[in-house]
1. If you go through the stretch 1-20 one residue at a time, how many are assigned to a loop (DSSP other than H, G, I, E, B), under 12 Å from Val189 (Cα atoms) and open to solvent by 40 Å² or more (accessible area, probe 1.4 Å)?
2. What number of residues within the stretch 21-43 are touching a Ser or Thr at 6+ places or on another chain (Cβ under 7 Å) and either closer than 15 Å to Gln3 by Cβ or part of a strand (DSSP E or B) (or both)?
3. Please find, among Lys306, Lys275, the residue that is open to solvent by 70 Å² or more (accessible area, probe 1.4 Å) and within 19 Å of Val436 (Cα to Cα).
4. Output the strands (runs of 3 or more DSSP E) that fall wholly within the stretch 345-439 and possess 1 or more residues being touching a residue at least 60 places away in the same chain (Cβ under 8 Å), or say none.
5. Could you tell me which of the residues Pro179, Pro155, Pro151, Pro165 is part of a loop (DSSP other than H, G, I, E, B), crowded, with 20+ Cβ neighbours inside 10 Å, touching a strand residue (DSSP E or B) at 6+ places or on another chain (Cβ under 8 Å) and not small (Gly, Ala, Ser)?
6. Which residue pairs have Cβ atoms closer than 6 Å, lie 6 or more positions apart in sequence or on different chains, and pair a first residue in the stretch 146-173 that is at pLDDT 95 or above with a second residue that is in a loop (DSSP other than H, G, I, E, B) and aromatic (Phe, Trp, Tyr)?
7. Just one of (1) touching a Gly at 6+ places or on another chain (Cβ under 9 Å); (2) open to solvent by 70 Å² or more (accessible area, probe 1.4 Å) trips up Asp267, so point out which.
8. Pull up the stretch 376-387, narrow it to residues that are within 18 Å of Gly353 (Cα to Cα) and within 16 Å of the ligand (Cβ to nearest atom), then point me to the one that is most open to solvent (accessible area, probe 1.4 Å).
Amino acid sequence: MFQDKTRSIYIDGKWLDVNQEKTYAIYNPATLEKLTTVAYGGVTETEAAIEAAEKAFTSWSSLTGRERSKVLYRAAELMAQDADRLGKILTLEQGKPIKEAIGEVKGAAQFLLWYAEEASRAYGEWIPSSVSTKRLLVIPKPIGVVGAITPWNFPSSMITRKLAPALAAGCTVVLKPSPETPLSAIEIVKIFEKAGMPNGVVNMVTGDAKAIGKTLLSHKAVKLITFTGSTPVGKYLMREASDQLKRVSLELGGHAPLIVFEDADIDKATSLALKSKFRNNGQTCICANRLYVDESIHEPFTAMLKDKVEQLVIGNGLDQHTDLGPLINQAACDKVQLQLDDAIQKGAKIVTGGYELTDKLKGYFYPPTVISQVTDDMLVMNEETFGPLFPIQTFTDETEVIHKANDTDYGLAAYIFTENTSRTLRVVEQLEYGIVGVNDVFPATPEAPFGGIKQSGNSKEGGHHGMEEFLEYTFVSIGMD
Ligand code: ADP
């Protein structure tokens, strides 16, 4: 499916030839087989990409929103039509089950579609003046060249979620995809190329993350860095960006609580808790990380969850029946094991999982594991797991569980299961999270603002809020005779 060497650096509408000395290999996490090699770019390539983006900004930003949206519509269509092939590439490099991968690609196309529609809706303002001799206007303008740094857990949708609003707003982009998953990124750039994106509007550099990051941070033409990834890297980018007061949009880690109240529908709550936790094998920033279940329904809830978890099929994501693919790498498996060992040492009990998988699975596999008798001091209750380990704690009091849910530096997503409307509103108002799912664990959608508060992030992606990240506003004060 792939050539030995895949061209992965795209600057000013041209793919750079891959130089043998400057490459690195991409592996399939399910089989540990090498898929291909891609280019290992650094400072020089990033500078060239920024300069191309800077040059293209003048013409791209002066098009009408309608003109920009034409390219985005075409890209959305091309992507949706090719979802099966793109999904396969995604599964090969990232590991997630093919049904999830195809779903992700279709979702990624939806971001292109939604922002194609939004491109002509960057409204300004007319402010009624307090004096009759002035007229006051606010004009939105695209911020300029954007550096986009994306993660491996959603190799496709995290790119279009950033690039679609940036391009709709009139910005030009230098994309640095995750080193683990450049192949989906290459396909997205090819789609833009086919859709007729003018040269220099979208550029991509793969390779040395630190060098590419430093160049994006230090180059004056880059006005905004949009990042999805770990909290430490997000903090680093924000610190460094302060030197030039670059804008930084951050989507960082989470530690989502999922609270099941006594009036919840247990069948629905167990099914959705499972989908939240084990989607992408626990490797999403909004995955439920800790489960709080009302003491009075704890037993039937745990029994039903155990039953459903034990029916999950583990295997190569390319197999249509697979529910759980591999983790991204060995470090991810080690982290889950560390959290499990810590929990057991502090008194947790295994409900299901925790066993060694047979060696017929060669990749980075870890069994879905549920633990009970969990206490607040365990690592799993405090640090993002990013893997298939699910701790259950019981509670008896609403105030107490809200306090526990909020007692973290993270503030991305939280979930509650209840059929009581008053409780829903009371709890939602008190949860310190950017996103709250009520009897729903799939809150990410192009038309709504996704993003964390506290140390989970400072921005929104999706909705009209998502485009505002890429705009700045000029206030025009007009004196009149
Ligand atoms: P993870 O550990 O889950 O891969 P990271 O935050 O390390 O999360 O990675 C998210 C993205 O940030 C990736 O594209 C990665 O290459 C990039 N990245 C990591 N370190 C840096 C850095 N110092 N400068 C710029 N980008 C970085």
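The values are calculated or read from the model by the stated rules, or taken from the named source; none is laboratory data. In this text the structure is predicted, and so the values were computed from the model without any measurement. Positions of Cβ are backbone-derived with ideal geometry, glycine not excepted, and every protein chain shown enters the neighbour counts. Calculation scope for accessible area: heavy atoms of the full protein, side chains included, ligands and nucleic acids excluded. Shrake-Rupley method; radii C 1.70, N 1.55, O 1.52, S 1.80 Å.
1. Count: 1.
2. 9
3. After ruling out the rest, the residue left standing is Lys275.
4. Once the strands (runs of 3 or more DSSP E) in the stretch 345-439 are filtered for at least 1 residues that are touching a residue at least 60 places away in the same chain (Cβ under 8 Å), what remains is 369-372, 389-395, 413-417, 435-438.
5. Going through Pro179, Pro155, Pro151, Pro165 in turn, just one is part of a loop (DSSP other than H, G, I, E, B), crowded, with 20+ Cβ neighbours inside 10 Å, touching a strand residue (DSSP E or B) at 6+ places or on another chain (Cβ under 8 Å) and not small (Gly, Ala, Ser): Pro151.
6. From residues that are at pLDDT 95 or above, the pairs are Pro165/Phe470; Ala166/Phe470; Ala169/Phe470; Cys171/Phe470.
7. (1)
8. Phe386
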